[in-house]
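Student: Let me give you the structure first, and then I'll get to my questions.
The values are calculated or read from the model by the stated rules, or taken from the named source; none is laboratory data. From a predicted model like this one, the values you see are computed outputs, not experimental measurements. Cβ: placed from backbone, ideal geometry, glycine included. Neighbour counts: every protein chain shown.
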Amino acid sequence: MRHQTRVKLLWKRRRHLIHLVPPFRRSCAFLIAAWVQAIASCFTGNMSSTPEDDAAAPAIGAGGVEGEEVEHRAEVEHRAEQQNEGPPPHRHTPSNIFILAGQSNMSGRGGVRHKRWDRVVPLQCRSAPAILRFSPGSHWVEAREPLHADIDTTKTCGVGPGMPFAHAVLPHLPHDISSGPDAAAPVGLVPCAVGGTAIREWERGTRLYTQMVRRAKEAVRGGGVVRAVLWYQGESDTYSSHAADAYGANMEQLIRDFRADLGLPFRIHDVPLIVRSNAQVAIASGEAAACIGKVRQAQLGMDLPNVVCVDAMGLPLNEDHLHLTTEAQVRLGGVLAEAYIKNFVANEAVAQASDPPLPTCP
């Protein structure tokens, strides 16, 4: 008798049990219902549903076991949607902001093979509450690899130099000494790089240039200071002798335009720009090799205030002989951080120490 009662209860609630499972699993649920009916027939001979049986079952979402299970499933699905959308926005603007611009080796191809990222994230690239990222929707969120996944959207992104750079400079930057949820994060990264772009696509008035300036201005709207622009670009200008010859003048003009368009109100009129060599492009043809040399010479010989160049020559490449490996990106991020600390953080500390003291009131 006890078994018959349990089977009857399962049979009465079979429709609600089927409703609770996701649609792609309902076929299995119908098989289970048929199995329940077969067992029930062994005890009762015939246990077909009646309107009274259906009315006696508790309504979905109206309390009881079924209602609680539906509410729980909805909560789980909501959390999954939030996770897919990314981390929640941060309350405050970071105190030290860095703009990441250029092409594919800045947006990151470390760990990408055959258009798939291997999802290997080294320790130097792990997410941390102190490192934020400026999203395409203009919100500060906790940074995580790949930084450019929703910026450089037409290609597969992997590990880039941004996160290892942020981790390396973090101990050397001024930041809010307070702690807790109301404290400002020390580092903010603004990804703007897009793979396969030539220097002419970053000229003033182009879509990429306009987007970079807009995002830089929006990033500092809540406070904070743009400390540097990390620029990695030039591979796409090695396929033409004319583009390679004009690279130096075009790059210098880009720096001037960017500084002028951001302007003093944003406290970055003399923003330092770190330009890295693009010599890792390993193309076999002699003509291409000559173009690489021209672009390298323009980058290494650039003579503008607050522009530092570090060389990426010799870093390991992916199988495509064009993009840096994950290991190379980690090393490059560290070299960038060393250059920034040596040329800007240390000099700023010396300048502040040498400033004359303010007059005191009598």
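Student: Within the stretch 135-148, how many residues are out of contact with any Leu (no Cβ under 7 Å at 6 or more places or on another chain) and in contact (Cβ under 8 Å) with a residue 24 or more places away in the chain?
Tutor: 7
Student: I would also like to ask the following. Please enumerate the residues belonging to the stretch 312-348 that are touching a Phe, Trp or Tyr at 6+ places or on another chain (Cβ under 9 Å) and more than 18 Å from LEU189 (Cβ to Cβ).
Tutor: Residue satisfying the conditions is ALA312 alone.
Student: Condition (residue is at pLDDT 90 or above, surrounded by fewer than 17 Cβ atoms within 10 Å (Cβ to Cβ), assigned by TED's automatic domain parsing to the domain that holds PRO122 and in a helix (DSSP H, G or I)) applied to the stretch 321-328: is it met by at least one residue?
Tutor: Scanning the stretch 321-328 turns up at least one residue that is at pLDDT 90 or above, surrounded by fewer than 17 Cβ atoms within 10 Å (Cβ to Cβ), assigned by TED's automatic domain parsing to the domain that holds PRO122 and in a helix (DSSP H, G or I).
Student: Go through (1) modelled with pLDDT under 95; (2) at negative phi one by one and return the number of the condition GLY102 breaks.
Tutor: Status for GLY102: all satisfied but (2).
For every residue, the table says whether it meets (1) in contact with a helix residue (DSSP H, G or I) (Cβ under 9 Å, 6 or more places away or on another chain); (2) more than 21 Å from VAL307 (Cβ to Cβ).
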| residue | (1), (2) |
| --- | --- |
| GLY196 | yes, yes |
| GLU203 | yes, no |
| LEU208 | yes, no |
| GLU218 | no, yes |
| GLY224 | no, yes |
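Student: Note down all Cβ pairs under 8 Å where the first residue falls in the stretch 217-232 and is farther than 15 Å from ALA337 by Cα and in contact (Cβ under 8 Å) with a residue 40 or more places away in the chain, the second is assigned to a strand (DSSP E or B) and charged (D, E, K, R), and they're at least six residues apart or on different chains.
Tutor: Short answer, once both residue conditions are applied: none.
Student: Related question: Tally the residues that are of a type in the set (Val, Ile, Thr) and buried (at least 18 other Cβ atoms within 10 Å of the Cβ), restricting the search to the stretch 106-145.
Tutor: 3
Student: Count, please, the residues in the stretch 104-152 that happen to be among the basic types (Lys, Arg) and not in a loop (DSSP other than H, G, I, E, B).
Tutor: The total comes to 3.
Student: Only one of these conditions is not met by ALA282: (1) surrounded by 13 or more Cβ atoms within 10 Å (Cβ to Cβ); (2) at pLDDT below 60; (3) hydrophobic (A, V, I, L, M, F, W, C). Which number is it?
Tutor: Here ALA282 clears every test but (1).
Student: Follow-up. Could you please tell me which pairs satisfy a Cβ distance under 6 Å, a separation of 6+ or placement on different chains, a first residue in the stretch 299-321 that is at positive phi, and a second residue that is surrounded by 15 or more Cβ atoms within 10 Å (Cβ to Cβ)?
Tutor: ASN306/PRO272
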